[in-house]
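Report on the structure given below.
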Amino acid sequence: MAVPICRILRSCTGIVRTVTTRIALPRPIQHCTQPISQNETLKSRQIHTSCHRKDLMEFFDDKENWGDSSVKVGRPWKLDELRLKSNTDLHKLWYVLLKERNMIMTMEAEYKRQSELFPSPERLEKVEESMENLLDVVAERDRAYHLLETGETGEPGERVATNQLGLHYIRRCKEHYVPLEYSRKFKKYTRFNGPWQDKYKQLLREKLLLNERHVYKCRRIVEERRRKALADVKFE
Amino acid sequence: MSSYKLPKFAKYVPLWKRTVPQYPLYWKGNPQLRVFMPLFWMKMVKPEEKVPHGSVRFEVHPQMTKYDIKNYLEKIYQVPVQSVATEMVRGKERKHPTYGFNIQPEDNFKMATVQLAVGHHFEFPELFKAKKTSAEKSTEDFRKAVNESRREMPKIWDRMDLPPWFR
């Protein structure tokens, strides 16, 4: 069964269409006299989707859907489906999704301007979900590649940094032209840090520990009370 | 959605609202930086005032520069661009009806007016040209109801004070 081209085109635009449109019905077995090449062309013609250039009209939906109360769409791309795809396919799909999202956003803005109800607004979320899944798959592949080549994930790590009060905290690493010791900004920021802060740090630590102990004590008292109250109760 | 990426106590921010990560630092002599998967979005808006021939207006991601917009249109949409002008627009503010303070201001956004190359032109299409808008439909319904009531008025003028079920 030949699927109409317009339907296939829509199926490729970010959201997978319903199964009936995606999968062609089993065709009857063709006669042996038919040349193989022709058979192949028939097969390829079913999947073939040439780029339909519309320039700036790509920011708008099909004319059939203008002013409709609802637009029929399928589900977003799943992670497992995207894992099967090659890098080039994912790269192409990304741009398809990007165009689809732009289209939905423009249509939504126009409907809002005309004070009309936008049909099936969940489309945007569906496209965004498939986009995020695609980004996840790409990140996975990137991580695997880096682990194979260098033994490390290519992501920026974390380091222990000190703030102006001399307290330590964890911060994500960032690229810099100058190392930390030579950066003027860092020096300016931490110029007053020194051993004079140790006294205050000690006091802060003491305060935190006392607070912790207080919480622990309170909890213990409550538990004891509960135990006393439930001493006579027999649990089965 | 990828749940493991989300922090513990944070509301979900849609992808188009998120900040675009920084470019890697460029050192002289390195190969040119390229974006393989741009996270930017653009949406076309109808300009409120009259605009010159061949100029199109977009609402774009606030981190987009003029060069980004130009490359975006030329590489992805294959539309030749002559020049781009950008402007940050403050979101509208509403005032509380009884107390004077502002409530729920809209987000600020970046507006871009793009001048297409010579010989290219684009007109913003009318989506509801043939079809009736919801406001028109509602006014029609209202008029129909009014006409019907006027038609029935002379028949039941003496029973108007009764509730409609007993007329």
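Every number here is computed from the coordinates shown, using simple stated rules; none is lab data. As the structure is a prediction and not an experimental result, all values here were calculated from the model. So basically every Cβ, Gly included, is an ideal-geometry build from the backbone, and we count neighbours across all protein chains shown.
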Cα-Cα over 29 Å: which of A:Lys201/B:Lys11; A:Lys92/B:Lys43; B:Lys17/B:Lys129; A:Lys185/B:Lys70? A:Lys201/B:Lys11; B:Lys17/B:Lys129; A:Lys185/B:Lys70
Using amide H atoms built 1.01 Å from N in the peptide plane, name the residues 5+ places from B:Gln82, or on other chains, whose amide H lies under 5 Å from its own. B:Gln115, B:Leu116, B:Ala117
Chymotrypsin sites (Phe, Trp or Tyr not before Pro) restricted to the range A:127-236 and DSSP loop, no more than 12 other C-beta within 10 Å: A:Tyr177, A:Phe192, A:Phe235
For the range B:56-119, what is the charge dipole size about the Cα centre, in debye to the nearest 20, if Lys and Arg each add +1 at the Cβ and Asp and Glu each add -1 at the Cβ? 100
Reachable lysines, given that their alpha-carbon falls under 28 Å from the alpha-carbon of A:Lys228 and they are not under 8 places away in the same chain: A:Lys217
Under the definition of partner shielding as Cβ atoms of other protein chains within 10 Å of a residue Cβ, what is the mean value for peptide A:170-180? 1
Would you list A:Trp77, B:Trp41 from fewest to most Cβ contacts within 10 Å? B:Trp41, A:Trp77
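Neighbouring Cβ atoms within 10 Å as the yardstick, rank B:Thr139, A:Thr150, A:Thr106, B:Thr86 fewest first. It would help to have the intermediate numbers written out before the result.
Numbers: B:Thr139 12, A:Thr150 9, A:Thr106 23, B:Thr86 17.
Exposure proxy ranking, most exposed first: A:Thr150, B:Thr139, B:Thr86, A:Thr106.
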How far is helix B:134-152 tilted, in degrees, relative to the longest principal axis of the Cα atoms in chain B, given as a value from 0 to 90 rounded to the nearest 10? 0
No solvent, one uniform scatterer per C-alpha: report log10 I(q)/I(0) for the range A:165-236 via the Debye equation at q = 0.21 1/Å, two decimals. -1.00
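So if the hydrodynamic radius of the range B:15-116 is defined as the Kirkwood radius over C-alpha pairs, what does Stokes-Einstein give as its diffusion coefficient at 10 °C and 1.306 mPa s, in µm² per second? Could you put the intermediate results ahead of the total?
Details: Rh = 16.1 Å.
Rounded, D is 99 µm²/s.
Filter the GluC sites (Glu not before Pro) in the range B:4-93 down to the DSSP loop ones having no more than 10 other Cβ atoms within 10 Å, then list what survives.
Details: sites: B:Glu48, B:Glu49, B:Glu59, B:Glu74, B:Glu87, B:Glu93; in loops: B:Glu48, B:Glu49, B:Glu93.
Taking the range B:4-93 and a limit of 10 other Cβ atoms within 10 Å, the loop GluC sites (Glu not before Pro) found are B:Glu48, B:Glu49.
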Which of A:Ser70, B:Ser134, A:Ser130 has the fewest Cβ neighbours within 10 Å, and the rest in rising order: A:Ser70, B:Ser134, A:Ser130
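Mind checking B:107-117 for the average number of partner chain beta-carbons within 10 Å of each residue's beta-carbon? The partial results should precede the final answer.
On the way: counts 0, 0, 0, 0, 0, 0, 0, 1, 0, 2, 0.
Per-residue shielding by partner chains comes out at 0.
Which of the trypsin sites (Lys or Arg not before Pro) across the range A:164-236 are loop residues per DSSP, with 13 or fewer other Cβ within 10 Å? Walk me through the intermediate numbers first.
Values: sites: A:Arg171, A:Arg172, A:Lys174, A:Arg184, A:Lys185, A:Lys187, A:Lys188, A:Arg191, A:Lys199, A:Lys201, A:Arg205, A:Lys207, A:Arg213, A:Lys217, A:Arg219, A:Arg220, A:Arg225, A:Arg226, A:Arg227, A:Lys228, A:Lys234; in loops: A:Lys174, A:Arg191, A:Lys234.
Qualifying residues, ordered by number: A:Lys174, A:Arg191, A:Lys234.
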Please give every one of the lysines within straight-line cross-link reach of A:Lys199, meaning a C-alpha to C-alpha distance under 23 Å, and leave out same-chain neighbours fewer than 8 residues apart. A:Lys187, A:Lys188, A:Lys207
